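The values are calculated or read from the model by the stated rules, or taken from the named source; none is laboratory data. Everything numeric in this text was worked out from a predicted model, so none of it was measured. Note that each Cβ is placed from the backbone with ideal geometry, even for glycine, and that neighbours are counted across all protein chains shown.
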Amino acid sequence: MTTAPTRPPGKAERIASAAPSRLGAFLRLRELPVTVALIALVIITTVVNPLFLSPQGVKDLLLNATIVIILAVGQALVIITRNVDLSVGSILGLVAFGTGTLFATVPGIPIVVVFLAGMLLGALLGAINGLLVTVAKVPALVITLGTLYIYRGLNNAWAGGTQYFAGDRPDAFGSLSVDTVLGFPLITLIAVVVVVIVAVYLAGTRPGRDLYAIGSDPDAAKLFGIPVSRRVFLAFLTNGVLAGLAGVLYASRFNSVGATTGSGLELAVVAAAVVGGVAIFGGSGSVVGAAMGALLLTTITSALTALRVDKFWQEAIVGVLILSAIIIDRIASVRSARKLRISEARNV
Amino acid sequence: MSEPSSPITRSSPLPPADKISSLDTRLIDTTKTLTTEPKGRTGAARILLGRDAIMIYLLLAFVLYASIAIPRFASPVTVGFLLLDVIPVLLIAMPMTLVIITGEIDLSVASIAGLTSALMGVLWASGLDIGLVLAISLFAGVVAGAFNGFLIAVVGLPSLAVTIGTLALYRGLALVVIGDNAVANFPPGLTAFFTSKIGGTGIPTVMIGVVAVALFFGVLLHLTPFGRGLYAIGFSKEAATFVGIRVARAKFWLYVGTGSVSALAGIYWTLRYSSARSDNASGLELTVIAAVLLGGVSIFGGKGSIPGVIAGVLLIGTINFSLRLERISDVVLIIVTGSLLIASVVAPSVFEALQRWRHGRRMHKTLPQVPASGATSATAPGVQERK
């Protein structure tokens, strides 16, 4: 860009511009608003009600967030490719009920096998989504809206009025969400591992970077030689596996699983990803942000209770939070576009 | 790109490529575009074989089948209950069609209906006149829609994200307004009116209003410049801006439209079930969108029609109702909705792929006869000229 006639800035000048630009890069982090909001929320709540950050309080916060975190990570993968998966709530429901059924019908089944079976079922359901989206070339919103109904209907047909309760499951399975290591519940540790693995994969591997390219401009990605269909399929498959994992953990965390388990979760999960800085039209955001978004949205419920805010205000506040996340994102992108235009103009 | 070359070989033996003057090429080019062009249907065939017509045939065929095969189907009682059930979806589907045609979406409709319902309950319980209650509730819907419209059309935020936010916000406000309570003591005359039927036909009296709403949006979409502009916006927002369509203004008013019609649906819901609760109509947004897409509206925008959507809504309603008459559980029935939705979007693309495959095979049969050099040199100027 910088050619001979326009002299590059002097050394002192460059250093001066480098220091604020590092600060600027930090300020432009997409995960920053959600992190600040989360920290502020926790601090304010703790000041008002010190019990909020007691070991038990922290444990409850993390337990509540775990399942949404895993779902939001998977959803972020899909949204980054400029798709969306609305069927996650239904996948979670099917897998959770399947888990209950496995434990009830096959006594003494190893817990590992149940985890694998749940993730396999999730993978199958996610693969159906992925195949329909990539082979039939139909928008994901429509396909996954359809599979949202179909999976839920299958769940209803399979479960009927049946419910499985915690008593049907071995104690070791239930204690996954009771026992803690260093204050972290075991299932939360599983979620953390998931976040780390997916974050590294997304940030550091070629297929991971491809997902961003696809989300920024699918046609350009195709021209560039990225196997778009295969990558999008992979995103849906992974999302299915993670929804399956979340389903198994749901059965561990909650007492009963039945026909309506997990219904209505899908929009909350998309909201978590959006609040965490994942752009709804793909191409930017990170799974860490999505996980933070999930943590914020679940924490706010407990925080409002701790602050003795009327519980009826909770959902409205969640709505305001989502809207402010989008508006902040918009302001940031407008500003960076303007800055880019000015710097481009100077460079020509 | 074998498509443009084949008709040339069929039309006439070509002179050697180097002797073709530019005039000749242009002449050949025009005949070529004519021979390859007649693809779409015209006249009556276009209407009778179009997608909307197919939806309507499907609906008629299914109604006919149900009337013959299902014992209690063909009765005024059935008609009455079926229509009472589909009215909320049918109402909201009308403005939703227009919104989706412009390439946007509104997920907050059910929450607006819930908010209206909650507001009605509280206002009525506080002793206001029922006319005033209805007016304020409707106005709340208009404001809610305008807020969506402001964020999407004026600020320019993505509608999917905004309406997920307002979905939570409006439902939350409904909770704030009415909490856990339910208000049920609406004037009996009014609630009776909302379930009353026209004579012995079984058609609910409110259908008159629903038909009026459908007519309004049908005329607006298909017969006014504003409506035709919506298709242009859905195809290409930039192009629409350049031909002078005021995109932001159109979108703003569409969201005011979805807001006010959702409020109407909320009022209907409250008075039909004679119950104002915060969770009224929850989850309805996805049902509405499924019905609209099934009715042939493209989620990418630019395609769809009101008659097709009406047929889609009624088809889902009829199939569900008749399966319910066959004692199949309600909750299992959503499999039908889902499958219909996926079939309706996958079928055209499968059909298209099949057509392309057949076309490709036909091209393969004719292509080997073309002298390779002549074909390339004859098409090259043509391609340039088209630009």
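Given the criteria in the same structural domain as B:ARG228 (by TED's automatic domain parsing), outside any helix (DSSP H, G or I) and either closer than 18 Å to B:LEU286 by Cα or in contact with a Lys or Arg (Cβ under 6 Å, 6 or more places away or on another chain) (or both), does B:LEU107 qualify? Judged against the criteria, B:LEU107 is a match.
Residues are listed down the side, and each one gets a yes or a no for (1) on the phi > 0 side of the Ramachandran plot; (2) surrounded by fewer than 20 Cβ atoms within 10 Å (Cβ to Cβ); (3) β-branched (Val, Ile, Thr):
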position: A:ILE43; (1), (2), (3): no, yes, yes
position: A:SER54; (1), (2), (3): no, yes, no
position: A:ASP60; (1), (2), (3): no, yes, no
position: A:VAL78; (1), (2), (3): no, no, yes
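Please determine whether any residue of region B:309-318 is within 12 Å of another protein chain (Cβ to nearest Cβ), surrounded by fewer than 22 Cβ atoms within 10 Å (Cβ to Cβ) and not aromatic (Phe, Trp, Tyr).
No, there is no match, as no residue in region B:309-318 is within 12 Å of another protein chain (Cβ to nearest Cβ), surrounded by fewer than 22 Cβ atoms within 10 Å (Cβ to Cβ) and not aromatic (Phe, Trp, Tyr).
Number of residues in region B:253-290 that are under 14 Å from B:LEU173 (Cβ atoms) and among the acidic types (Asp, Glu) equals 1.
Restricting attention to region B:301-329, the residues being part of a helix (DSSP H, G or I) and either among the polar types (S, T, N, Q) or more than 27 Å from B:PRO95 (Cα to Cα) (or both) number 6.
Going by what's in this entry, would A:THR305 be described as among the hydroxyl-bearing types (Ser, Thr, Tyr) and either buried (at least 21 other Cβ atoms within 10 Å of the Cβ) or in a loop (DSSP other than H, G, I, E, B) (or both)? No: the conditions fail for A:THR305. Against the list (1) part of a helix (DSSP H, G or I); (2) over 18 Å from the mean Cα position of the chain (by Cα), the condition B:GLY257 fails is (2). Scan region A:167-213 for residues that are touching a residue at least 40 places away in the same chain (Cβ under 8 Å) and more than 18 Å from A:THR81 (Cβ to Cβ) and the total you get is 18. Suppose the filter is under 30 Å from A:ASP85 (Cα atoms) and either without any contact (Cβ under 8 Å) to a residue 60 or more places away in the chain or not hydrophobic (A, V, I, L, M, F, W, C) (or both); does B:LEU157 pass it? In short, yes. Per the listing B:LEU151, B:LEU119, B:LEU132, B:LEU107, the residue uniquely surrounded by fewer than 22 Cβ atoms within 10 Å (Cβ to Cβ) and either within 28 Å of the chain's Cα centre (by Cα) or of a type outside the set (Ser, Thr, Tyr) (or both) is B:LEU132.
Residues of region A:302-323 that are among the β-branched types (Val, Ile, Thr) and within 12 Å of chain B (Cβ to nearest Cβ): A:VAL309, A:ILE317, A:VAL318, A:VAL320, A:ILE322.
Of all residues in region A:158-180, those that are surrounded by 16 or more Cβ atoms within 10 Å (Cβ to Cβ) and within 9 Å of another protein chain (Cβ to nearest Cβ) total 0. Every listed requirement among (1) of a type outside the set (Val, Ile, Thr); (2) outside any loop (DSSP other than H, G, I, E, B); (3) touching a Leu at 6+ places or on another chain (Cβ under 6 Å) is met by A:SER324 save one, (3).
Against the definition (over 21 Å from A:PRO33 (Cβ atoms) and away from chain B (no Cβ under 13 Å)), how does A:GLY289 come out, yes or no? No, not satisfied. Out of B:LEU175, B:LEU138, B:LEU220, one residue alone is in a helix (DSSP H, G or I) and either more than 30 Å from A:GLN314 (Cβ to Cβ) or not assigned by TED's automatic domain parsing to the domain that holds B:LYS303 (or both). It is B:LEU220. Set side by side, the residues B:GLY202, B:GLY156, B:GLY165 differ, and just one is outside any helix (DSSP H, G or I) and facing another protein chain (nearest Cβ under 8 Å), which is B:GLY156. Being over 28 Å from A:LEU27 (Cα atoms) and touching a Leu at 6+ places or on another chain (Cβ under 9 Å) is a property that holds for A:GLY262. Evaluate region B:170-182: report whether one residue or more is surrounded by 15 or more Cβ atoms within 10 Å (Cβ to Cβ), within 14 Å of chain A (Cβ to nearest Cβ) and of a type in the set (Ser, Thr, Tyr). Among the residues of region B:170-182, at least one is surrounded by 15 or more Cβ atoms within 10 Å (Cβ to Cβ), within 14 Å of chain A (Cβ to nearest Cβ) and of a type in the set (Ser, Thr, Tyr), which makes the answer yes. In region A:197-218, the qualifying residues are those that are more than 19 Å from A:ILE280 (Cβ to Cβ) and charged (D, E, K, R), and the one that is surrounded by the fewest Cβ atoms within 10 Å (Cβ to Cβ) is A:ARG206. Taken over region A:329-345, the criterion of being in contact (Cβ under 8 Å) with a residue 24 or more places away in the chain, away from chain B (no Cβ under 14 Å) and of a type in the set (D, E, K, R) is satisfied by no residue. Here region B:183-194 is the region considered, the condition is being assigned to a loop (DSSP other than H, G, I, E, B) and more than 34 Å from the chain's Cα centre (by Cα), and the residue that is nearest to the other protein chains (Cβ to nearest Cβ) is B:ASN185. Scanning region B:334-353 for residues that are within 24 Å of A:GLY93 (Cβ to Cβ), more than 7 Å from every other protein chain (Cβ to nearest Cβ) and surrounded by 15 or more Cβ atoms within 10 Å (Cβ to Cβ) returns B:VAL336, B:LEU340.
Take A:ILE326 and decide whether it is at the interface with chain B (Cβ under 8 Å from one of its Cβ atoms) and either free of Cβ contacts under 8 Å to residues at least 60 places away in the same chain or more than 17 Å from A:GLY285 (Cα to Cα) (or both). So A:ILE326 passes the test. None of A:ALA332, A:ALA337 is surrounded by 15 or more Cβ atoms within 10 Å (Cβ to Cβ) and assigned to a helix (DSSP H, G or I) except A:ALA332. Within region B:135-148, restricting attention to residues that are surrounded by fewer than 23 Cβ atoms within 10 Å (Cβ to Cβ) and small (Gly, Ala, Ser), the residue that is nearest to the other protein chains (Cβ to nearest Cβ) is B:ALA146.
Residue-wise test of (1) modelled with pLDDT of 90 or more; (2) out of contact with any His (no Cβ under 6 Å at 6 or more places or on another chain); (3) surrounded by fewer than 14 Cβ atoms within 10 Å (Cβ to Cβ); (4) closer than 30 Å to A:GLY282 by Cα.
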position: A:SER87; (1), (2), (3), (4): yes, yes, no, yes
position: A:VAL95; (1), (2), (3), (4): yes, yes, no, yes
position: A:GLY118; (1), (2), (3), (4): yes, yes, no, yes
position: A:LEU124; (1), (2), (3), (4): yes, yes, no, yes
position: A:LEU141; (1), (2), (3), (4): no, yes, no, yes
position: A:LEU182; (1), (2), (3), (4): no, yes, yes, no
position: A:VAL192; (1), (2), (3), (4): yes, yes, no, yes
